[in-house]
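Undergrad: Before we start, here is the structure in question, set down as structure tokens.
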Amino acid sequence: MVHITEDLVRRRAEHNNCEIFSLEEISLHQQEIEKIQHLDKWCKDLKILYLQNNLIPKIENVGKLKKLEYLNLALNNIEKIENLEGCESLQKLDLTVNFVGELSSVESLRNNIHLQELFLVGNPCTEFKGYRPFVLATLPQLKWLDGKEVERTERIQALQDFPVVKQLVKEEEKSYLVRRMKEKETAQRKLEEKEKKRQNEKKPGFDGRWYTDINNTINDRENGRDSSNCISMDPVQQENVKIASNDDEDQEFWEEPCAFTPESRLETHKYIEEKRKAREIKRESKETLKKTRTLITAEGRVLNVNEPKYVYGKQL
């Protein structure tokens, strides 16, 4: 889990001489952040806050940012609009491609009287019947919704149809929450099955047996089999087998069908992160195991070693 630390904020505040108390704009996008914290205490003068493309599941700890005008939380795991009542100066809110399914939660933005632009494109709630009229009737201060300007006639019609639309949205939201609960249960069950499989998974030799297992040795002797005749693989062959196994694992993971949910997004991120760390460890191990340089052949002939960073002896 990546936290918002003072060091991270200072590094992203280079344009303000690394001073955070007077910071008015900061970009913390693509940092794998999973929780909004500290910014309402350290950067009270913030006007623009970029937090897109992280793993944030909840809007929190921004209510004290009285001067905040633009909040970008696109491409996160947010399911509900909340805790923004204190952002008195908020003019633009971007929640593109999140998981907002509780459309009624837009009612929490009623007191943000300066809010002019709202982006909910790519959220489940945009598929609800009556989505746009409901938002326009609920938030009369809006001038733009999902990048489309709000027409005066459109707003009047939305207000007239609001009682009917509100009931439609209520039914759609109820149906969605039931589906969402099932998705969570499925994701939890899938996670438990994978964890159980990982714990029980074995990585034996080429014939499906562990050679360090004494039971296998005893069975071999009883059956008249000699494990010393087993074919051994050289390091190159072992590496090829490992690569093939990883390729199969990658193909199985990416081809497995799954719903687009916060859980699946977290699972994908975790898988990619594990692969990245494995590549780093592999690269570091290769760097540490440097090839031994041969300076003199078996016949006593001195080789001409001419490569960068080689430390030569002092000349006499």
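Undergrad: If you scan the range 127-172, which residues turn out to be β-branched (Val, Ile, Thr), surrounded by 16 or more Cβ atoms within 10 Å (Cβ to Cβ) and assigned to a helix (DSSP H, G or I)?
TA: Here is the first cut: in the range 127-172, the residues β-branched (Val, Ile, Thr) are 135, 138, 150, 153, 156, 164-165, 169.
Adding the requirement that they be surrounded by 16 or more Cβ atoms within 10 Å (Cβ to Cβ) leaves 135, 138, 150, 165, 169.
Correct list: Val135, Thr138, Val165, Val169.
Undergrad: Could you give every pair whose Cβ atoms fall below 8 Å, whose first residue belongs to the range 157-172 and is in contact (Cβ under 8 Å) with a residue 60 or more places away in the chain, and whose second residue is assigned to a helix (DSSP H, G or I), counting only separations of at least 6 or pairs across chains?
TA: Listed by first residue and then by second, the contacts come to Val169/Leu103; Val169/Ser104; Val169/Tyr131; Val169/Phe134; Lys170/Ser104; Glu172/Leu103.
Undergrad: Residues to consider are Leu49, Leu93, Leu115; find the one that is over 24 Å from the mean Cα position of the chain (by Cα) and open to solvent by less than 10 Å² (accessible area, probe 1.4 Å).
TA: Values: Leu49 fails: over 24 Å from the mean Cα position of the chain (by Cα); Leu93 fails: over 24 Å from the mean Cα position of the chain (by Cα).
On inspection, the qualifying residue turns out to be Leu115.
Undergrad: Is it the case, given these coordinates, that Glu32 is surrounded by fewer than 16 Cβ atoms within 10 Å (Cβ to Cβ), in contact with a strand residue (DSSP E or B) (Cβ under 9 Å, 6 or more places away or on another chain) and not small (Gly, Ala, Ser)? Show your work before the answer.
TA: Numbers: surrounded by fewer than 16 Cβ atoms within 10 Å (Cβ to Cβ): yes; in contact with a strand residue (DSSP E or B) (Cβ under 9 Å, 6 or more places away or on another chain): yes; not small (Gly, Ala, Ser): yes.
Yes; evaluated as a whole, the condition is true for this residue.
Undergrad: Regarding the range 121-130, can at least one residue be identified that is among the hydroxyl-bearing types (Ser, Thr, Tyr), touching a residue at least 24 places away in the same chain (Cβ under 8 Å) and within 26 Å of Gly86 (Cα to Cα)? Explain how you work it out, then say what you get.
TA: Quick first cut of the range 121-130, residues among the hydroxyl-bearing types (Ser, Thr, Tyr) only: 126.
Those still in the list that are touching a residue at least 24 places away in the same chain (Cβ under 8 Å) too: none.
No: the range 121-130 contains no residue that is among the hydroxyl-bearing types (Ser, Thr, Tyr), touching a residue at least 24 places away in the same chain (Cβ under 8 Å) and within 26 Å of Gly86 (Cα to Cα).
Undergrad: Need pairs with beta-carbon distance below 6 Å; first residue in contact (Cβ under 8 Å) with a residue 60 or more places away in the chain and within the range 173-193, second hydroxyl-bearing (Ser, Thr, Tyr) and not in a helix (DSSP H, G or I); sequence gap 6+ or separate chains.
TA: Once the first residue is in contact (Cβ under 8 Å) with a residue 60 or more places away in the chain and sits in the range 173-193, its partners that are hydroxyl-bearing (Ser, Thr, Tyr) and not in a helix (DSSP H, G or I) give Glu183/Thr261.
Undergrad: Related question: Suppose we keep only residues that are aliphatic (A, V, I, L, M) and part of a helix (DSSP H, G or I) within the range 96-112. Which one would you say is surrounded by the most Cβ atoms within 10 Å (Cβ to Cβ)?
TA: The initial filter retains those residues of the range 96-112 that are aliphatic (A, V, I, L, M), namely 97, 100, 103, 106, 109.
This time we only want the ones that are part of a helix (DSSP H, G or I), so: 103, 106, 109.
Values: Leu103: 25, Val106: 23, Leu109: 22.
So the residue we want is Leu103.
Undergrad: Could you please find all residues in the range 20-72 being without any contact (Cβ under 8 Å) to a residue 24 or more places away in the chain, in contact with a Lys or Arg (Cβ under 8 Å, 6 or more places away or on another chain) and over 17 Å from Leu93 (Cβ atoms)?
TA: Ile20, Lys41, Lys44
The values are calculated or read from the model by the stated rules, or taken from the named source; none is laboratory data. None of the values given here were measured: they were computed from a predicted structure. Note: ideal-geometry Cβ built from the backbone for every residue, glycine included; neighbour counts use all protein chains shown. All accessible areas refer to the heavy atoms of the entire protein, side chains included, with ligands and DNA or RNA removed. Shrake-Rupley method; radii C 1.70, N 1.55, O 1.52, S 1.80 Å.
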